[in-house]
There are 4 protein chains.
Amino acid sequence: MNTLGKNIRLTSYGESHGIAVGAILDGFPAGFEIDQSFIQRQLDRRRPGQSALTTTRNESDIVTLQSGVFEGKTTGAPIHFQLLNKDSNSDDYDHLKNIYRPSHADYSYAMRYGTRDHRGGGRSSARVTAGWVAGGAMVQDFLFKNHQINVSAYVTQIGSIHFESYDESFLRSSIDESIVRCPNADSTQKMIEAVQLAKAQKDSLGGVIKLVISGVPAGIGNPVFDKLSASLAHAMMSINAVKGFEIGGGFSLSSKKGSEVNDSFVNDGGDIKTKSNFSGGIQGGISNGMDIVCNVAFKPTSTIGVTQQTVDSEFQSVALSATGRHDPCVVPRAVPIVETMAALVIGDYLINNC
Amino acid sequence: MNTLGKNIRLTSYGESHGIAVGAILDGFPAGFEIDQSFIQRQLDRRRPGQSALTTTRNESDIVTLQSGVFEGKTTGAPIHFQLLNKDSNSDDYDHLKNIYRPSHADYSYAMRYGTRDHRGGGRSSARVTAGWVAGGAMVQDFLFKNHQINVSAYVTQIGSIHFESYDESFLRSSIDESIVRCPNADSTQKMIEAVQLAKAQKDSLGGVIKLVISGVPAGIGNPVFDKLSASLAHAMMSINAVKGFEIGGGFSLSSKKGSEVNDSFVNDGGDIKTKSNFSGGIQGGISNGMDIVCNVAFKPTSTIGVTQQTVDSEFQSVALSATGRHDPCVVPRAVPIVETMAALVIGDYLINNC
Amino acid sequence: MNTLGKNIRLTSYGESHGIAVGAILDGFPAGFEIDQSFIQRQLDRRRPGQSALTTTRNESDIVTLQSGVFEGKTTGAPIHFQLLNKDSNSDDYDHLKNIYRPSHADYSYAMRYGTRDHRGGGRSSARVTAGWVAGGAMVQDFLFKNHQINVSAYVTQIGSIHFESYDESFLRSSIDESIVRCPNADSTQKMIEAVQLAKAQKDSLGGVIKLVISGVPAGIGNPVFDKLSASLAHAMMSINAVKGFEIGGGFSLSSKKGSEVNDSFVNDGGDIKTKSNFSGGIQGGISNGMDIVCNVAFKPTSTIGVTQQTVDSEFQSVALSATGRHDPCVVPRAVPIVETMAALVIGDYLINNC
Amino acid sequence: MNTLGKNIRLTSYGESHGIAVGAILDGFPAGFEIDQSFIQRQLDRRRPGQSALTTTRNESDIVTLQSGVFEGKTTGAPIHFQLLNKDSNSDDYDHLKNIYRPSHADYSYAMRYGTRDHRGGGRSSARVTAGWVAGGAMVQDFLFKNHQINVSAYVTQIGSIHFESYDESFLRSSIDESIVRCPNADSTQKMIEAVQLAKAQKDSLGGVIKLVISGVPAGIGNPVFDKLSASLAHAMMSINAVKGFEIGGGFSLSSKKGSEVNDSFVNDGGDIKTKSNFSGGIQGGISNGMDIVCNVAFKPTSTIGVTQQTVDSEFQSVALSATGRHDPCVVPRAVPIVETMAALVIGDYLINNC
């Protein structure tokens, strides 16, 4: 339930306000030199407090690797990534103990388990994705260095601001120049303003992240229930606040004719390519060598300052207006999470340490 | 790879033009009285040749249960559902043996396996979903009879024709009155015309199916990598031609503010409900007791009569215009497949025969 | 529950007196030329009626491959092996419908499922191993042809007759010369006499099968819960009537000193070998390149003609003396089953069709 | 690979001389009050330095629960059990860096991974079982308190000293009175002397542990590849130094006649029991309500002070005599490990937190 993958397996643990969050990465090949700076950079891109647009909870998110490493290299044994929780103000949450916040997982967790750690959302908090990113970053690094596969994500929409572009691949530097992680200065400015406005209104915004995976060779994936596209959907839908997933042309294909969106194969100087890429790099659940391109939809942050009506565990109506620390828009911080999940999926198919 | 589920497991086998297609359903509870007519009805809704809008391949799709059944009831042993292939004209496909058809899985399969059964798409054909529907229908029947859970799907879009409605639940009879499985006479008429036009143009159309699951109690699902929403996404993306999935408000939430789409809890005469259902019945990966509502996007059928350029396995350019039997739009026939996959997912969480 | 393996997966179905027994083999590599004669030979070594010492139930056990094969080669798709049941006299079992036979699975199945197919033992019958052998034989053939791994088993004990030998490897021909599958004429004669005596006494015998797998390279297996030795134990304990498993020196090591049974490494002309093989070819759960050697203990057949007291489902005492067809000793017929399970386990580690 | 179980899942990490060892227990039910004293007691029974007969490595083995617990109770979220390594003298192992010790996993790990953490055996060390025991103890406690299932193990053999008894169940107090964990004063004395003699001779001894699980209701287990007996075998063979497993009469049944060892059912005052228990409480892979009884065979400790010849990674012959800290006989310390593994297996079938 808390393990992702079959060959490369990430097992997650931890809660928002517990002692630690972390993950065990199992199945990772032996002999890989650990680049802790890459892992840390991905964690830094995810961590709270990184810009004026994010929550003020301040976690340094320094990761410790407690096993599976010897003399700077992996040994093939499971690797435990641990991040201690430091800046957790559990008292901020006391008044929420018995309240079912709108569009949070309070009620569904209560029904599922009969009990819950309400502090900061407990297990349902996006805090736990720090452990995912730690483990996934190492797989991402491995894919890049050993397989020349580049997993990259960026923001294409925040609220009603859309960034559309003919190009789909961007340098990480141009993405990270933008504090909303949109590789376009003009859209970035508008997105920042949109987030600032939402924040001022004590409201929140959602958005869309585009995922582009380049360098995956043709022939990766398995029919019929282990399709690469299905595994990507599963992984993305596992991320907090994600409500939609599409690959290639996605929903837009539903209103097109076959003749408009079929991807013809062409001989591109001895390589087989497709002229268009409405398939998003995957056909019949198996990669065709083109870029794998997906969109991941995030709903607006459920925690808002605007007063809302809801009920408590006694079914009594209560008014609620959030005062704790929270992000008006989580989408920029979710970029490394999307990359992590994609890397874990691709790694699960490509790497077999059996 | 060809098995779906953990507790209720469906293992699929077969190809378009092989001896048989089928599935083994494992983990199904003992003592359930088999209603073969329900299974057959779902198969009939999926089978080719059921209306003038579908392929002319004529398969009766009569299923045989070869194990796991004793005196009309399940025994807890695995159930083998077998459907013999009858009307397969393999010769129709000889000219395609070495051709990589646009947006089909020919090339990706060839890269994956080095070989492929090209006849009728082989393993990548939607023919194999007949086995899924046979096994899934029994789970669907079980969920309805033993858990009062109703899994229902219908068509909301074909090509540019959209059916929008405030109501989300429809009677199966009103859905099946329509040969495109849209529970609205006016939209049905427009959709039929759209398909007929596409067929006349030797072209194809895609569409969208809405899935509504009612009666799922609150508390079904598991964080963090076993979310009910993630499993639904995985299952739907496993269906041939599906390119997008969204739950509740889905992609439309990305442009909304939290205050607009948060689902407030209310006391509804002693039950907890939400005022709106932008969450689509799932919060934090766990059901909240509201209807589970998803949209599944299908691309247009890849096989079209319009002449297309592509390449063969020698990388030579070839012109291709399909003459075999195929559907101008598979979406109406996919309705029972969507239901099947949903039933298998819900059953996997709810039923534990351990 | 009815699937074995992670990479190479065998899913079993069928009952003793149902329509068919069979298996789906998933994950098998593409492009392997099918040698149906090898599969059939293994089935023939398992089938009833093969000698005067076995049950008189007569099944030809001809297997049909219904999927995953194209032009004589595997395609990478799941392969369905089907064997129809023919000579099943269900009426013979009517009087047993409500009786819990001693040391059979009647009572435990009834408690597990609330119902059971009593005919011929239903799902608990060794008849279902025919499907395992069909699928496993193909893996065994693959391991031999593509990896030069030889999986071989033979009988070392029936009742009180032991065959002990310094050599552990024998040619299959010398094993199959013996109708009890013991590669020694003298022991064979004594074993035959023991079985004939047991049969005359309306009684039954157990025995031990030795499994020798040669050619497995060093480095196969995974700590800590995926040890090759643990997987072999699991697979062997899955065979009907098996009650014990040991590897290398096994139980005898418990009374030895470390200095007596440690396996020293030696340089054998540039290869690393061990001087002795008390480890049975596996250390720390991983192969060390020496022969993998295991013993598998079978209890005597539970069905006997001798009158026994037991109870029925109303808890009433009943006297029972078997009159149906049964083997006085199943051990010789279990030899190909032991090989099958071993091949499936080794294949699961070695072959990765991911 | 480092995860055991399907419903109750234990994921293990850590090495002998790393920062920590630990485990994540996933799938554990919510709302269970944690009895840390029980967990600690099981850890104390396993820890080194507990008696004069064990290694002098001194680890307090205090466990920290870092997640999944709130206000003293489980929440249903994964529970991380962590034990820091303290008394690890890695320098003691420098001279072993390139040596393949006889009957250790040095060579097989080197072949498997190309590298290894040689310090104290690294990942292959029994040190990692501390994490298993921490997690497993909680399941054992749960089974006892919520299901009245008692998992108990004790030593029946060390070297050539056997303890045989008509009774199979003993109080934990009578087992723990004995520093070799044999519930018989006379046998205990002989076993202690045998271990002391082996220690004086710089040699080592193996032994046998009997496992008795009482209170398991009839009907637990699943055919055909998920047999309770097969899962127990797998779990026990996962323990370091285990080379054999048998259930009920085990290997001794192979030389018996059916009429001698069939377990007749009897009406025992309204309950169904068997007169004898040669089946060891499991028939057809499913419990029959009788005590589940198994024997687990341990080889002698591979590390001995006696000088041995072996080779190094350059294939050069070297003489080796262990000087580090080690146990002359690990069997007494393995008793809580056997209990842990049994509890995890039974819990995996019985508890379903789905």
Mind counting the residues in region B:318-354 that are of a type outside the set (A, V, I, L, M, F, W, C) and either modelled with pLDDT of 95 or more or assigned to a helix (DSSP H, G or I) (or both)?
8
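Listed here are the residues, each with its yes/no results for (1) touching a residue at least 40 places away in the same chain (Cβ under 8 Å); (2) hydroxyl-bearing (Ser, Thr, Tyr); (3) in contact with a strand residue (DSSP E or B) (Cβ under 6 Å, 6 or more places away or on another chain).
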site: A:SER51; (1), (2), (3): yes, yes, no
site: A:THR55; (1), (2), (3): yes, yes, no
site: A:SER60; (1), (2), (3): no, yes, no
site: A:THR74; (1), (2), (3): yes, yes, no
site: A:ILE79; (1), (2), (3): yes, no, yes
site: A:LEU83; (1), (2), (3): yes, no, yes
site: A:ASN89; (1), (2), (3): yes, no, no
Looking at C:VAL180, C:VAL212 in this structure, which one is of a type in the set (Val, Ile, Thr), touching a Cys at 6+ places or on another chain (Cβ under 9 Å) and over 22 Å from D:PRO102 (Cα atoms)?
C:VAL180
Members of region C:1-36 that are surrounded by 24 or more Cβ atoms within 10 Å (Cβ to Cβ) and either more than 10 Å from chain B (Cβ to nearest Cβ) or of a type in the set (A, V, I, L, M, F, W, C) (or both):
C:LEU4, C:ILE8, C:LEU10, C:VAL21, C:ALA23, C:ILE24, C:LEU25, C:PHE28
If we only count strands (runs of 3 or more DSSP E) wholly inside region B:195-302, which ones have 2 or more residues that are closer than 25 Å to A:THR340 by Cβ and facing chain A (nearest Cβ under 7 Å)?
B:242-247
Which members of region C:194-206 meet the condition of being over 18 Å from the mean Cα position of the chain (by Cα) and in contact (Cβ under 8 Å) with a residue 12 or more places away in the chain?
C:ALA194, C:VAL195, C:GLN196, C:ALA198, C:LYS199, C:GLN201, C:LYS202, C:ASP203, C:SER204
Taking the condition at pLDDT below 95 and either crowded, with 20+ Cβ neighbours inside 10 Å or within 30 Å of C:SER317 (Cβ to Cβ) (or both), does C:ALA126 pass?
yes
Within the bounds of region B:82-92, is there any residue that is more than 21 Å from B:PRO328 (Cβ to Cβ), surrounded by 23 or more Cβ atoms within 10 Å (Cβ to Cβ) and of a type in the set (Gly, Ala, Ser)?
no
If the Cβ limit is 7 Å and pairs must be 6+ apart or interchain, which residue in region B:132-159 that is of a type in the set (D, E, K, R) pairs with which residue that is surrounded by fewer than 22 Cβ atoms within 10 Å (Cβ to Cβ)?
B:ASP141/B:ASP35; B:ASP141/B:PHE38
For region A:104-125, pairs from a residue that is facing another protein chain (nearest Cβ under 7 Å) to a residue that is aromatic (Phe, Trp, Tyr) and surrounded by 24 or more Cβ atoms within 10 Å (Cβ to Cβ), with Cβ under 7 Å and 6 or more apart or across chains, are A:TYR107/A:TYR100; A:TYR107/B:PHE265; A:ARG116/A:TYR109; A:SER124/A:TYR109
Out of all the residues in region C:167-193, which are touching a residue at least 40 places away in the same chain (Cβ under 8 Å) and more than 19 Å from the chain's Cα centre (by Cα)?
C:ILE192
Residue check, D:SER169 against (1) closer than 30 Å to D:PHE32 by Cβ; (2) modelled with pLDDT of 95 or more; (3) of a type in the set (S, T, N, Q), all met but one. Which one?
(2)
Scan region D:1-52 for residues that are of a type in the set (A, V, I, L, M, F, W, C) and out of contact with any Leu (no Cβ under 9 Å at 6 or more places or on another chain) and report the count.
6
B:ILE39 passes all but one of (1) within 14 Å of another protein chain (Cβ to nearest Cβ); (2) of a type outside the set (Phe, Trp, Tyr); (3) in contact (Cβ under 8 Å) with a residue 40 or more places away in the chain; which number fails?
(1)
Kindly indicate whether any position in region A:166-187 is of a type in the set (S, T, N, Q), touching a Phe, Trp or Tyr at 6+ places or on another chain (Cβ under 8 Å), surrounded by 20 or more Cβ atoms within 10 Å (Cβ to Cβ) and in a helix (DSSP H, G or I).
yes
With the requirement that a residue be under 14 Å from the mean Cα position of the chain (by Cα) and hydroxyl-bearing (Ser, Thr, Tyr), what does region C:301-354 give you?
C:THR340
Condition check for A:VAL155: modelled with pLDDT of 95 or more, within 12 Å of chain B (Cβ to nearest Cβ) and under 30 Å from D:ALA20 (Cα atoms):
no
Failed condition for C:THR340, given (1) at the interface with chain D (Cβ under 9 Å from one of its Cβ atoms); (2) of a type in the set (S, T, N, Q); (3) touching a Gly at 6+ places or on another chain (Cβ under 9 Å)
(1)
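The values are calculated or read from the model by the stated rules, or taken from the named source; none is laboratory data. This one's a predicted model, so the numbers in the text were calculated from it and none came from an experiment. Cβ sites come from the backbone with ideal geometry, for glycine too, and all protein chains shown count toward neighbours.
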